[in-house]
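Notes follow the structure.
The values are calculated or read from the model by the stated rules, or taken from the named source; none is laboratory data. Keep in mind it's a predicted model, so treat the numbers as computed, not measured. Note: ideal-geometry Cβ built from the backbone for every residue, glycine included; neighbour counts use all protein chains shown.
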């Protein structure tokens, strides 16, 4: 590129139009309801495939529902993308923002002969974990076996992943895997899903690391009995033991955790769950997130100690099982620098280096290549809810910074 | 009957054989899994219909799944029965015991020309509330409309009651209603489902009243948000508010309740119930049982006060809604006397007058005719679990007392 020519820039109106086109597919109030392998999800993937020629890309939906693309252009290749499915009744930008930014980067940079190399777009399937745990990006990096797919089930519907793939028409297609050495790295944009940027009047988050997520299943076993004929004094109510445990966590964790630790009981199930039966079993899905594994170790040891104490009291037994162990992922330093430099050019330097409290496909890609992430502000920090939103002007600024960061990474 | 002839007596071996035949239909471990309108439930109803001729009865399955019968014999008619469906994975005697006792009473008394009158057997559908709330007996007394049936849904399966009735082949049949004045009353036998009889080495419970059941839906509303990006300090976690509420109930109710009050949280649901989302909504099904409505009033007022206090704290709001209001039902004094006299004859007088903590169809029949109930001991007080059991000798004693109580009521 001649030194005097301005750098190619994102087309903000086109980005907003694309995001609104995706919002119209599976619309729910001001957000979307687009679970993995729903009709709306499939339609969104097909919409994306139809946009590829205009970005100089060739691609298709693969055997696990990823959209993966290639450019025939010479020079370095940067992988970029996010996901198109949503949580149930959730927001319009969580996922599509990163896909449309990557699409825009490909449109702007791949057809520009002054730019060396190309952006190759990816839409990862099931980042929102309707069937598993980052199944799309994990398939791409080679971490999902056929047996894993055999075992996966839809958490919303009574169907297996195999049945869903057949319904979608994706069964029997090959799964595309990463080609070693092809990409200089992976860049993903996402809404912040918190209020750090908004409260600081900042426009761009430069992600330093993605926190680890440790997921636990905590089970309580008492004695199932009749809710009318069993005296209070002799009950072994597993649900009550669970409620006491939740309250005890809330009271003891603040004294043990780190400054950014968060923990959540996302689901509670009583067994058998009938109004007139004292629950003999109870289960909670409990999650801890922190960037420091030592904090997690301390909290996990405390959970086990609490469970032993419940069991020792003799009424109900409690057991803590770690079911997912997500180590923190660190973002590549040169990617952080590229985003920060692009922010200085196009966002008045209103950027902040910050960890991501949420998990993203970038943490999976980071296991095989350098990776980076860029955040845009979330209004009120709202996320995983249909009221999630970002100001249009901030969406446009984010797109401009993203395209420029891609250009800087390709032109290094 | 000549004064010198012995009273006709239950055939204990036949009663045990019948109960074991019903246990073999839908067997689950040592109990049964026979939800309303399952194949095993239907097979049990058909088994019962096949036994009717041997008891001098004519009958069929009606349009709501009740088995109702008539005897052509002259003289007074006593209605007797219980239910054949079970809770999920529950015991073999909860329901079938009372049906087989009534069948045995009909076999013994209806064909005996020395006995004036007859026992007419009933098996009430859905006492265990898979679709509603005593739908079978309430249909018989005229308290279930067609619209109620339209609205009823299976709590185990994604089907409506109409769909289930069609699957069973019962759709389109008439529902049988009570014929005013036909019966001198209703008698039902049941396992105690508690440990009062066993702990007192007693054989027969003479039920004085059936406690009222008040069912509440308690809902908590917070703010749904992302479990990774939302700081602990600003969370509005509806699930945590619910857990605190459960613990507060457990701590405050003992100071306000009566000597026999029991309360149970049978089901907890977090919304949306995903591992990585802070629940914005939470709901608990909460039940209180007592024979004294004044105790319930006091506890209900306290629940509302607790909810106001949660809401006043400003983080989550709580609301208490009464969804079922079961006033206590009193058993007829002459029925209690008949059971007690039969116990004196055949159970060595080892009987006790006691309230029922569990709900039974007898409370519904009591709204239109005199009603009585007889309990037999439950081993360890276990109920609503597949390990529920009663000693064979106690089952036989109970059958003998039941048949004799029926005879005394008919021969008054």
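Summary table below
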item	result
Residue within region B:331-350 that is in contact with a helix residue (DSSP H, G or I) (Cβ under 7 Å, 6 or more places away or on another chain), within 14 Å of chain A (Cβ to nearest Cβ), on the phi < 0 side of the Ramachandran plot and buried (at least 18 other Cβ atoms within 10 Å of the Cβ) present	no
Yes/no for residue A:301 being more than 8 Å from chain B (Cβ to nearest Cβ), surrounded by 22 or more Cβ atoms within 10 Å (Cβ to Cβ) and over 25 Å from the mean Cα position of the chain (by Cα)	no
Unmet criterion (only one of (1) part of a loop (DSSP other than H, G, I, E, B); (2) buried (at least 24 other Cβ atoms within 10 Å of the Cβ)) for residue B:186	(1)
Test: residue in region A:84-98 that is under 16 Å from residue A:186 (Cα atoms), assigned by TED's automatic domain parsing to the domain that holds residue A:158 and assigned to a helix (DSSP H, G or I)	yes
Which listed residue, of B:63, B:75, is at pLDDT 95 or above, on the phi > 0 side of the Ramachandran plot, outside any helix (DSSP H, G or I) and in the same structural domain as residue B:167 (by TED's automatic domain parsing)	B:75
Among the residues listed as A:282, A:233, the single one being more than 18 Å from residue B:227 (Cα to Cα) and at pLDDT below 95	A:233
Out of B:219, B:264, sole residue that is away from chain A (no Cβ under 12 Å), modelled with pLDDT of 95 or more and either within 24 Å of residue B:91 (Cα to Cα) or assigned to a strand (DSSP E or B) (or both)	B:219
Test: residue A:58 is free of Cβ contacts under 8 Å to residues at least 60 places away in the same chain and under 25 Å from residue A:166 (Cα atoms)	yes
Residues that are touching a strand residue (DSSP E or B) at 6+ places or on another chain (Cβ under 7 Å) and surrounded by 19 or more Cβ atoms within 10 Å (Cβ to Cβ), drawn from region A:250-270	A:261, A:262, A:263, A:264, A:265, A:266, A:267, A:268, A:269, A:270
Number of the condition not met by residue A:395 [criteria: (1) closer than 19 Å to residue A:120 by Cα; (2) away from every other protein chain (no Cβ under 14 Å); (3) at pLDDT 95 or above]	(1)
Filter result for the condition that a residue is farther than 30 Å from residue B:411 by Cβ, touching a strand residue (DSSP E or B) at 6+ places or on another chain (Cβ under 8 Å), assigned by TED's automatic domain parsing to the domain that holds residue B:394 and crowded, with 24+ Cβ neighbours inside 10 Å, over B:154, B:126	B:126
Of all residues making up region B:353-375, the number that are under 16 Å from residue B:191 (Cα atoms), surrounded by fewer than 24 Cβ atoms within 10 Å (Cβ to Cβ) and more than 14 Å from chain A (Cβ to nearest Cβ)	1
Breaking point among (1) under 26 Å from residue B:132 (Cβ atoms); (2) at pLDDT below 95; (3) more than 14 Å from every other protein chain (Cβ to nearest Cβ), for residue B:319	(2)
Test: residue in region B:291-300 that is under 25 Å from residue B:411 (Cα atoms) and in contact with a helix residue (DSSP H, G or I) (Cβ under 9 Å, 6 or more places away or on another chain)	no
Answer residue from region A:271-290, given it is surrounded by fewer than 22 Cβ atoms within 10 Å (Cβ to Cβ) and in contact with a helix residue (DSSP H, G or I) (Cβ under 7 Å, 6 or more places away or on another chain) and is nearest to the other protein chains (Cβ to nearest Cβ) among those	A:280
Residue list for region B:22-58, filter: closer than 27 Å to residue A:274 by Cβ and part of a helix (DSSP H, G or I)	B:22, B:23, B:39, B:40, B:41, B:42, B:43, B:44, B:45, B:46, B:47, B:48
The one condition in (1) at the interface with chain A (Cβ under 8 Å from one of its Cβ atoms); (2) part of a helix (DSSP H, G or I); (3) under 22 Å from residue A:259 (Cα atoms) that residue B:246 fails to fulfil	(3)
Flag if residue A:201 is in the same structural domain as residue A:401 (by TED's automatic domain parsing), surrounded by fewer than 23 Cβ atoms within 10 Å (Cβ to Cβ) and at pLDDT 95 or above	yes
Tally, over region B:106-165, of residues that are assigned to a loop (DSSP other than H, G, I, E, B) and away from chain A (no Cβ under 14 Å)	14
Pick from region B:21-31, criterion touching a residue at least 24 places away in the same chain (Cβ under 8 Å) and touching a helix residue (DSSP H, G or I) at 6+ places or on another chain (Cβ under 6 Å), ranking: nearest to residue B:132 (Cα to Cα)	B:26
Complete set of residues in region B:166-182 that are assigned to a loop (DSSP other than H, G, I, E, B) and farther than 17 Å from residue B:69 by Cα	B:169, B:171, B:172
Leading residue by the ranking (nearest to the other protein chains (Cβ to nearest Cβ)) among those in region A:222-243 that are closer than 18 Å to residue A:319 by Cβ and surrounded by fewer than 21 Cβ atoms within 10 Å (Cβ to Cβ)	A:223
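Residue-by-condition table, conditions (1) farther than 24 Å from residue B:385 by Cβ; (2) surrounded by 23 or more Cβ atoms within 10 Å (Cβ to Cβ):
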position: B:46; (1), (2): yes, no
position: B:53; (1), (2): yes, no
position: B:62; (1), (2): yes, no
position: B:66; (1), (2): yes, yes
position: B:70; (1), (2): yes, no
position: B:90; (1), (2): no, yes
position: B:93; (1), (2): no, yes
